[in-house]
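Since every read-out is calculated from the coordinates, none of them should be taken as a lab result. Worth saying up front: this structure is predicted, and the values here are computed from it rather than measured. Don't worry about glycine lacking a Cβ; one is built from the backbone with ideal geometry, like all the others, and counts go over all protein chains shown.
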């Protein structure tokens with residue numbers, strides 16, 4: 001559980017930072033401040049990286065759009081079953097609608113494009 005005691009809170013906070021930085025870079029808010037632009041790009045690269053929990057959770061959301069078993073998620077993310085279940089819990093706590101259809105986890109349609 002995240003240190004603040006709220007499962008999913010770290011994902012939600014990182015998602016907000018991720019979205020804000022992407023918008024700022026897309027709208028060229030750092031055009032006159034190259035050092036801030038480079039810093040923002042570096043932060044995005046770090047949090048989107050495959051070795052970050054947030055980066056793996058983003059990939060997990062993408063994979064779940066089509067549906068995936070725990071084993072498939074574990075292989076695609078390079079994570080244990082325990083970690084996959086923890087991520088599922090955090091994503092649900094962050095407000096994602098995750099459905100279990102047979103043995104496959106699928107992201108609900110209302111937030112399928114949030115990843």
**OP:** Let me have the 222 nm mean residue ellipticity of the chain computed from DSSP H runs of 4+ only, each contributing -39500 (n - 2.57), with the sum over all residues rounded to the nearest 500.
**Re:** -18500 deg cm²/dmol
Original post:
Want the number for residue 22 to residue 75: 0.36 nm per residue separation, take away the alpha-carbon distance, what's left?
Top reply: 16.2 nm
Original post:
Rg(Cα) of the chain divided by 2.2 N^0.38 Å?
Top reply: 1.15
**OP:** Give the order of 25, 61 when sorted by the count of other beta carbons within 10 angstrom, beginning with the fewest.
**Re:** 25, 61
Original post:
Fewest to most neighbouring Cβ within 10 Å: what's the order for 28, 22?
Top reply: 28, 22
Subject >> Sequence of 15, 82 once ranked by neighbouring C-beta atoms within 10 Å, starting from the fewest >> reply: 82, 15
**OP:** Please tell me the relative contact order of the stretch 43-88 in percent, rounded to the nearest whole number, where contacts are Cα pairs under 8 Å and at least six residues apart.
**Re:** 25
Original post:
Cα axis of helix 81-93 to longest principal axis of the chain: angle in degrees, 0 to 90, nearest 10?
Top reply: 70
Original post:
What FRET efficiency, computed as 1/(1 + (r/R0)^6) with R0 = 41 Å and r the Cβ-Cβ distance, is obtained for residue 45 and residue 103, rounded to the nearest 0.05?
Top reply: 0.75
**OP:** Please tell me the relative contact order of the stretch 9-111 in percent, rounded to the nearest whole number, where contacts are Cα pairs under 8 Å and at least six residues apart.
**Re:** 24
